[in-house]
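A short reminder: the numbers here are calculations on the coordinates, not readings from a lab. Computed from a prediction, not measured in an experiment: that's the story for all the values here. Don't worry about glycine lacking a Cβ; one is built from the backbone with ideal geometry, like all the others, and counts go over all protein chains shown.
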Amino acid sequence: MENNKDNKQILIEALLQKARIIFEKSQFNEAKALSVKALDQAEDLNYIRGMAKGNFLLGIIFFETGDLDSSVKFLKSSSKYYKELGNTTMLNSIKYEIGLTLYRKGDLDEALKMFDESIENIESIENKIASMHQKANILFDQNKVDESLDLYLKTLELSKSLDANNIMTKKILANMKHEISLVYLKQNKLEEALRLLEESLRIKKSIDYEQGIARSYQILGSLYEKKEDYDKSLDYQTKALNIFRLLNDPYEEAITYESISKIYYKQNNISEAKSYLLKSLEIQEKIGDKRGVCIGSYKLASLYEIENNILKSVKYYDKAFQMAKKLSNPKIMKKIKEKILKIKERLDNIEEDQNEI
């Protein structure tokens, strides 16, 4: 009887191993099917290790496919089983993964807590660097630019203690140069940003880091948009979009659509700007990116306002307001309320003018 149980556990481990290999090849549907099968068998057997691994694998698969709510659900289940097993290394890894998922959902404060806990408890330098990197990203998104730059530089310094010839070290170095370039871009230091972006891109190309290359193209597009070189900007954003589609990365695909929308807006092509924003918003709603939905809806409302399409403008401002409410962002809520009030005042004035005629 015991041998039969052992054999079943071995089969579960084999299924999970196969699912992991397929996942690494970005074959997410096949990986999900195998993981679900392994998890079902582990639950029937009450095999805790299999349940822990199966839930974790499903958590990261759902993250990659953009189902962020399911990702958090499975990662939390995995955490429960790894806690039972006393595996602190995996518990810290799960905190990082949950932090990453919450970040993508737009729950920045909750994500920050996860990364802080991860930084405090993780022993591996590589994992500590990863958590510091994500924390710096959140600080940047919260407009705490000086704090984010300070943490990026600390992360870059810490990465120098790693093996310089290791591919992972090169990836970290490329990412840090990339992130610091974003700070310079925000500060309008365009030449410094360009220098770091080009250095980062060279490293990424040397290690065939496709996602990183796409992100470099994306930001180069934003840089040339600031320089008002719209053809070059659109060319880079299109290159980024094509890679993100091939990698099945809906989160970055949505961001790139939004960036392309901005290029058309700057050229006063409101129709195309709306078209790309709608594509972006559709993806963000599908993957549960609350922050993205809030920003995208606000921008769409502004475009409809320019066109004097008051009904659609109010509709999207309201959507942005509801999402800001979910994100507990009173500053944005106040800004949207003021916008809606101004539109209503315009409508009242139009009505008064019509009554006088």
Quiz item: Condition test on residue 290, is it closer than 30 Å to residue 216 by Cβ, basic (Lys, Arg), surrounded by fewer than 22 Cβ atoms within 10 Å (Cβ to Cβ) and touching a residue at least 12 places away in the same chain (Cβ under 8 Å)?
Solution: yes
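Do the conditions hold for residue 64, that is, is it part of a helix (DSSP H, G or I), of a type in the set (Asp, Glu) and touching a residue at least 24 places away in the same chain (Cβ under 8 Å)?
yes
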Quiz item: Taking the stretch 68-112 as the search range and keeping residues that are more than 22 Å from residue 328 (Cα to Cα) and not in a helix (DSSP H, G or I), which one is nearest to the chain's Cα centre (by Cα)?
Solution: 87
Practice problem: Give the stretch 204-217 a look and list any residue that's more than 15 Å from residue 180 (Cα to Cα) and in contact (Cβ under 8 Å) with a residue 24 or more places away in the chain, or say none. | Solution: 204, 206, 207, 209, 210, 211, 213, 214, 217
Self-check item: Subset of the stretch 211-245 [hydrophobic (A, V, I, L, M, F, W, C) and touching a Ser or Thr at 6+ places or on another chain (Cβ under 9 Å)]
Solution: 214, 219, 220, 223, 240, 241, 244
Quiz item: Residues of the stretch 127-147 being within 17 Å of the chain's Cα centre (by Cα) and either among the β-branched types (Val, Ile, Thr) or in a helix (DSSP H, G or I) (or both), which ones?
Solution: 130, 131, 132, 133, 134, 135, 136, 137, 138, 139, 140, 141
Exercise. Output the number of residues of the stretch 206-225 satisfying the condition of being crowded, with 20+ Cβ neighbours inside 10 Å and not in a helix (DSSP H, G or I).
Key: 1
Quiz prompt | Yes/no for residue 152 being within 23 Å of residue 26 (Cβ to Cβ), among the hydroxyl-bearing types (Ser, Thr, Tyr) and out of contact with any Pro (no Cβ under 7 Å at 6 or more places or on another chain) | solution = no
Quiz item: Would the stretch 96-117 turn up any residue that is farther than 25 Å from residue 294 by Cα and surrounded by fewer than 16 Cβ atoms within 10 Å (Cβ to Cβ)?
Solution: yes
Quiz item: Scanning for something part of a loop (DSSP other than H, G, I, E, B) and among the small types (Gly, Ala, Ser), does the stretch 280-291 turn up at least one residue?
Solution: yes
Quiz item: Going by the conditions given, is residue 228 out of contact with any Pro (no Cβ under 7 Å at 6 or more places or on another chain) and part of a loop (DSSP other than H, G, I, E, B)?
Solution: yes
Self-check item: Matching entry among 271, 275, 200 (being small (Gly, Ala, Ser), out of contact with any strand residue (DSSP E or B) (no Cβ under 8 Å at 6 or more places or on another chain) and farther than 21 Å from residue 319 by Cα)
Solution: 200
